[in-house]
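Novice: There's a structure below that I have some questions on.
The values are calculated or read from the model by the stated rules, or taken from the named source; none is laboratory data. In this text the structure is predicted, and so the values were computed from the model without any measurement. Positions of Cβ are backbone-derived with ideal geometry, glycine not excepted, and every protein chain shown enters the neighbour counts. SASA here: full protein model, heavy atoms, side chains in, ligands and nucleic acids out. Shrake-Rupley method; radii C 1.70, N 1.55, O 1.52, S 1.80 Å.
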Amino acid sequence: MKDISRYVRRAIAALTPYSTARDEYEGELGVFLDANESPYENGYNRYPDPHQKALKAQIAAIKGVPAENIFIGNGSDEAIDLVFRVFCEPREDNVVAIAPSYGMYKVAAAINDVEIREVALGEDFSLPTDALLAAADEKTKALFLCSPNNPTANSFPREELMRLVEEFDGMVVVDEAYIDFAEAKSLVGEIASHPNLVVLQTMSKAWGMAGLRVGLALADSRVVGLMSQVKYPYNINVATMKIVSDLLTKGVSEEVEQIKQQRAVVAEALAEFKFVERVYPSDANFLLVRVADADALYEHLIVNGIIVRNRTRVKGCEGCLRITIGLKEENEKLIKSLERYETCNIR
Ligand SMILES: *Cc1c(COP(=O)(O)O)cnc(C)c1O
């Protein structure tokens with residue numbers, strides 16, 4: 001097994017983290033005169049639990065992962081930023097990432113003043129496993145992968161992802177924001193035997209809580225401990241924890257099934273249009289579509305009140321729009337609008 005302590009920044013390894021008086025005892029005490037809060041109850045006058053114990057227990061049961069392996073962030077974006085803050089010395093270390101992929105890896109690298117070495121995906125967006133390994137050097141601390149990948153929509157083969165986890169000398173982050181829509185199974189089962197693996201998941205997509213800002217990093221308890229020491233103590237607020245907890249009890253399997261079904265319907269409809277050159281296979285809740293004139297089609301949809309993501313200026317995605325799967329009625333509006341576009345362009 002890899003010794004992950006070798007990857008940790010000096011300042012973080014030496015850190016004395018912030019602690020609260022409530023960290024010093026367990027059990028039921030009724031009089032809280034330790035945190036300079038208001039004593040007048042309004043539902044929000046107390047600080048939230050910085051360890052998010054109750055919410056972690058609930059997520060642990062859903063994910064089948066021990067609570068000590070769960071980090072809860074203000075969106076997975078917080079977890080991405082924390083990977084840099086925990087492992088990468090600014091201006092000294094570097095990370096490797098696939099491209100095209102989720103834009104936040106690059107932004108977080110820039111904010112933390114850490115070099116990011118992007119390695120282009122191969123033919124049909126395949127994982128460039130050997131090139132990713134070759135891009136690393138002794139200053140490389142992390143590798144960012146995303147599967148299913150945004151914006152290319154494909155999952156990478158489990159054996160290749162695991163080969164990278166095993167052979168890469170550094171932390172391997174596998175962002176599974178879209179895993180609930182995929183046929184492939186999550187890598188979370190591998191964290192127990194691979195301390196350098198960090199699996200990111202989010203409540204923002206399948207779980208329908210983008211507005212609440214909750215993301216997860218599932219990893220070795222030492223990695224979770226380091227990220228927890230570096231995060232703001234009260235990164236998840238009382239209201240968010242309560243609402244997330246309520247929504248988690250409802251489940252989303254029906255919605256996920258609907259979206260997967262609609263994804264097939266929309267993909268089939270899109271493929272019929274003459275201006276559509278390619279509908280890429282999708283394991284996510286969106287479709288990447290290559291069209292004859294992405295900018296013109298994007299403008300047409302805007303005029304029709306439909307906003308999609310224009311990815312034509314992303315290297316590797318030239319001519320492509322990324323289209324989220326919506327409700328059946330919304331998808332039908334999209335197809336109607338595309339029919340109008342096709343008729344206009346024939347005349
Ligand atoms: C949407 C998305 C996320 C989610 O980020 P949050 O901060 O949790 O909302 C993470 N990774 C990828 C690849 C995404 O597309």
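Novice: Extension gain GLU123-ALA271, at 0.36 nm per residue separation less the Cα-Cα distance, in nm?
Specialist: 51.2 nm
Novice: While we're on this one: Work from the charge dipole of the chain (Cβ charges, +1 for Lys and Arg, -1 for Asp and Glu, about the Cα centre) and give the residue of GLY73, MET209, PRO233 farthest towards its positive end.
Specialist: Positive-end residue among those listed: MET209.
Novice: I need the phi-derived Karplus couplings for the range 221-229: 6.51 cos²θ - 1.76 cosθ + 1.60, θ = phi - 60°, integer Hz, Gly and Pro marked x.
Specialist: Result, ordered by residue: 4, 5, 5, 4, x, 5, 5, 5, 5 Hz.
Novice: List the chymotrypsin sites (Phe, Trp or Tyr not before Pro) within the range 1-80 that DSSP assigns to loop and that have no more than 16 neighbouring Cβ atoms inside 10 Å. Before the final figure, lay out the partial values.
Specialist: Numbers: sites: TYR7, TYR18, TYR25, PHE32, TYR40, TYR44, PHE71; in loops: TYR18, TYR25, PHE32, TYR40, TYR44.
Here the chymotrypsin sites (Phe, Trp or Tyr not before Pro) that fit, given the DSSP loop and packing criteria, are TYR18, TYR25, PHE32, TYR40, TYR44.
Novice: Could you pull out every Cys in the chain that lacks a partner Cys with its beta carbon under 4.7 Å away?
Specialist: Those would be CYS88, CYS146, CYS344, since no other cysteine Cβ in the chain comes under 4.7 Å of theirs.
Novice: Can you pull the one-decimal nm distance between simple spin-label points at GLU115 and LYS328, each 7 Å off the Cα toward Cβ?
Specialist: 5.4 nm
Novice: Which one of PRO151, PRO17, PRO128 has the biggest mean-square fluctuation once the chain is modelled by GNM with Cα springs under 10 Å?
Specialist: PRO17
Novice: Longer than 31 Å from Cα to Cα, which of LYS56/LYS106; LYS63/LYS333; LYS53/LYS328; LYS250/LYS274; LYS274/LYS328 are they? Say none if no pair is.
Specialist: Flagged as over cut-off: LYS63/LYS333; LYS53/LYS328; LYS250/LYS274.
Novice: What's the FRET efficiency of GLU37 with ARG158 using the Cβ-Cβ distance as r and R₀ = 45 Å, to the nearest 0.05?
Specialist: Efficiency, from the Cβ-Cβ distance: 0.40.
Novice: If you put +1 on each Lys and Arg Cβ and -1 on each Asp and Glu Cβ, how big is the dipole of the range 253-345 around its Cα centre, in Debye rounded to 20? Don't skip to the end; give the middle numbers.
Specialist: Numbers: 14 positive and 16 negative charges, 69 e Å.
Rounded to the nearest 20 debye, it is 320 debye.
Novice: Length gain on complete extension for the stretch ARG6 to GLU68, per 0.36 nm per residue less the alpha carbon to alpha carbon distance? Provide the component values of the computation, followed by the final result.
Specialist: Numbers: separation 62, 0.36 × 62 = 22.32 nm, distance 2.11 nm.
That works out to 20.2 nm of additional length.
Novice: Here's a follow-up. If you put +1 on each Lys and Arg Cβ and -1 on each Asp and Glu Cβ, how big is the dipole of the chain around its Cα centre, in Debye rounded to 20?
Specialist: Using only the charged Cβ atoms, the result is roughly 520 debye.
Novice: Let me check something: with ligands and nucleic acids excluded, how do THR249, THR343, THR20 order by accessible area (1.4 Å probe), largest to smallest?
Specialist: THR249, THR343, THR20
Novice: Where the only charges are on Cβ atoms (+1 Lys, Arg; -1 Asp, Glu), what is the dipole of the range 202-276 about its Cα centre, to the nearest 20 debye?
Specialist: 320 debye
Novice: If you don't mind, another one. Return the carbon/sulfur percentage of the accessible area of the chain, one whole number, probe 1.4 Å, all protein chains in place.
Specialist: So the carbon and sulfur contribution to the accessible surface is 52 percent.
Novice: Follow-up question, since we're still on this one. Under the 0.36 nm per residue contour assumption, what length would be gained going from the current alpha-carbon distance of ARG313 and CYS344 to full extension?
Specialist: 8.7 nm
Novice: Starting from the range 1-106, pick out the trypsin sites (Lys or Arg not before Pro) whose DSSP state is loop and whose Cβ has at most 10 other Cβ atoms within 10 Å. Walk me through the intermediate numbers first.
Specialist: Working: sites: LYS2, ARG6, ARG9, ARG10, ARG22, ARG46, LYS53, LYS56, LYS63, ARG85, ARG91, LYS106; in loops: LYS2, ARG9, ARG46, ARG91.
Sites meeting the loop and neighbour criteria: ARG91.
Novice: Which FRET efficiency value, to the nearest 0.05, is calculated for ALA134 and TYR44 with the Förster distance at 51 angstrom and r the Cβ-Cβ distance?
Specialist: That gives a FRET efficiency of 0.50.
Novice: If you filter the range 285-347 for GluC sites (Glu not before Pro), then keep DSSP loop positions with at most 16 other Cβ within 10 Å, what is left?
Specialist: GLU318
Novice: I've got another one for you. Which aspartates and glutamates, if any, have their Cα less than 14 Å from the Cα of LYS260, not counting same-chain residues under 8 positions apart?
Specialist: ASP180, GLU183, GLU268, ASP283
Novice: Relative contact order for the chain: what is it in percent, counting Cα pairs under 8 Å that are at least 6 residues apart?
Specialist: Once normalised by length, the contact order is 17 percent.
Novice: Then there's this: Taking amide hydrogens as modeled 1.01 Å from N in the peptide plane, which residues meet the under 5 Å criterion relative to THR324, leaving out close sequence neighbours?
Specialist: LEU287, ARG309
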